[in-house]
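The next block holds one structure in the form of structure tokens; read it before the comments.
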Amino acid sequence: MIAVLKSDTTPQQKEHLLNWLKNMGLDVHVSEGKEKTIFGLIGDTSRVDMELLNSLEIVSSVRRISEPFKQASRNFHPEDTVIPVGDVKIGGGHFAMIAGPCSVESEEQIIEVALAVKQGGANILRGGAFKPRTSPYAFQGLKDVGIQMLLEAKKASGLPIITEIMNVRSLDLFQDVDIIQVGARNMQNFDLLQELGKTDKPILLKRGLANTLQELLMSAEYIMSEGNEQIILCERGIRTYEHYTRNTLDLSAVPVLHEITHLPVVVDPSHATGRASLVPSMAVAAAASEADGIMVEVHNNPSRALCDGAQSLTPAQFSALNEKVRRVREAIR
Ligand code: PEP
Ligand code: MN
């Protein structure tokens, strides 16, 4: 971090600022120029309040030259992180094909979809039990009962399962869940992130509807700073002025994240587009952008789905998508 001081700063004021920064455990490289003095802050600047520093009378500008996230940064961990989930691995060349319904609706439904997506090439089963719906009158999920049904589907299919948590209070219900999902709406629920940081479960962290990639990584940092380093990032589309699609899939997020972080990145083309007809193209594009996995919604009867039927694929469509993704991955290898 660099702080540029105003030209009329007195030696006493500089000394005072220097001591203040050193007391924070930082080394300071002072460069005295003709016009201005520049302080180069060396050490863990992630704890420096940039706005506060910038607001000081004698400071003319402050600039970060390293990212505010540390543990998530590739600079601090050059190797790709690989996350083991049962027999599956995610990251570092290992691909997650996550599929299943938006929400668990009944035991028959989730088992039928689990067996069908496994047959179609999925290696992880998704299904929401706690559903964050825009309307309080919409189907809210089967909650604890839904998780039990998902566990039955895990038993029947042998697939590891992922499901969303909305609240710290329900954490006990997730003991046998393989990956805990934090949805877009909870990306900045910092209490929840910190509690998940104390668990040893892989966490799939979705990008918020209007969040930057830096904010996504700061949320990952919340989890990591509590000790849990098993985080899978998920790009699921962001809100723009375009309404033809439910969201706008920011696919450049994949190579950008691969540059700045070692954490695996998966893409959710279902919530990104909102329309089943657009999902296969975007899934293929995600694979071509070297994502570490894809998460798609699949329903045995999309027109009767209690949630997100319009963006859900049939098992046959999923199977065709999986084959295309496989071929694209092979082609770019
Ligand atoms: C989901 O995956 O079921 C979901 C609600 O997604 P998002 O948080 O991305 O909207
Ligand atoms: Mn959904």
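Here the extension length gained between ALA210 and VAL30 equals 60.9 nm, from 0.36 nm per residue of separation less the Cα-Cα distance. For THR163, the residues whose amide H sits under 5 Å from its own are ILE179, GLN181, ignoring neighbours fewer than 5 places away on the same chain, with H placed 1.01 Å from N. Figure note: GLU226, GLU259 ranked by solvent-accessible area, largest first, 1.4 Å probe, ligands and nucleic acids not counted: GLU259, GLU226. Applying a 4.7 Å Cβ-Cβ cutoff to the chain leaves CYS234 as cysteine residues with no disulfide-compatible partner. The portion of the accessible surface of the chain made up by carbon and sulfur, rounded to a whole percent, is 49 (1.4 Å probe; DNA, RNA and ligands excluded). Averaging Cα coordinates gives a centre for segment 251-273 and one for segment 20-69; these two points are 32 Å apart.
Each residue of segment 201-214 was assigned a 3J(HN,Hα) from its phi angle through the Karplus expression (A = 6.51, B = -1.76, C = 1.60, θ = phi - 60°), giving 8, x, 10, 9, 9, 8, 6, x, 4, 9, 10, 7, 5, 5 Hz with x at Gly and Pro. Remark: segment 267-283, residue by residue, has Karplus-estimated 3J(HN,Hα) of 10, 10, x, 6, 6, 5, 9, x, 9, 4, 5, 9, 5, x, 4, 6, 5 Hz, where x stands for each Gly or Pro and the curve is 6.51 cos²θ - 1.76 cosθ + 1.60 at θ = phi - 60°. The residues of the chain present an accessible area of 47 Å² per residue when probed at 1.4 Å with all protein chains retained. Summing Lys and Arg as +1 and Asp and Glu as -1 over all other residues whose Cβ lies under 14 Å from the Cβ of ASN123 gives a net charge of +3. Proximity of backbone amide H atoms, modeled 1.01 Å from N, is registered between VAL298 and GLY100, CYS102, LEU313 at under 5 Å, excluding neighbours fewer than 5 places apart on the same chain. Taking θ as phi - 60° and the Karplus parameters 6.51, -1.76 and 1.60, the scalar couplings of segment 145-153 work out to 5, x, 5, 4, 5, 5, 5, 5, 5 Hz in sequence order, x denoting glycine and proline. Taking amide H positions as modeled 1.01 Å from N, with prolines and chain starts lacking one, the residues under 5 Å from THR37 and 5 or more places away or on another chain are LEU5. With all pairs of separate Cα atoms included, segment 2-63 yields a Kirkwood hydrodynamic radius of 11.6 Å.
Compute the signed sum of charges (Lys and Arg +1, Asp and Glu -1) over the other residues within less than 12 Å, Cβ to Cβ, of GLY92. Surrounding charge for GLY92 is -3. Seen against the Cα atoms of the chain and their longest principal axis, helix 107-119 is set at about 80 degrees. Would you mind getting the Kirkwood hydrodynamic radius of the chain from its Cα pairs, rounded to one decimal in Å? By the Kirkwood definition, the hydrodynamic radius is 21.4 Å.
May I ask you to list the residues of segment 229-243 whose amide nitrogen lies under 18 Å from a point 7 Å from Cα along the Cα→beta-carbon direction of VAL256? Correct set: 233-242. Counting charges near VAL168 (Lys, Arg +1; Asp, Glu -1) among other residues having Cβ under 13 Å from its Cβ returns a value of -2. Within a straight-line Cα-Cα reach of under 18 Å, LYS14 can be paired with the following lysines, leaving aside sequence neighbours fewer than 8 residues apart in one chain: LYS6, LYS22, LYS34, LYS36.
The values are calculated or read from the model by the stated rules, or taken from the named source; none is laboratory data. Because the structure is predicted, anything quoted here is derived from the model rather than measured. A quick note on method: Cβ atoms are made from the backbone with ideal geometry, for glycine too, and the neighbour counts reach across all protein chains shown. These area figures cover heavy atoms from the full protein model, side chains too; ligands, DNA and RNA do not enter into them. Shrake-Rupley method; radii C 1.70, N 1.55, O 1.52, S 1.80 Å.
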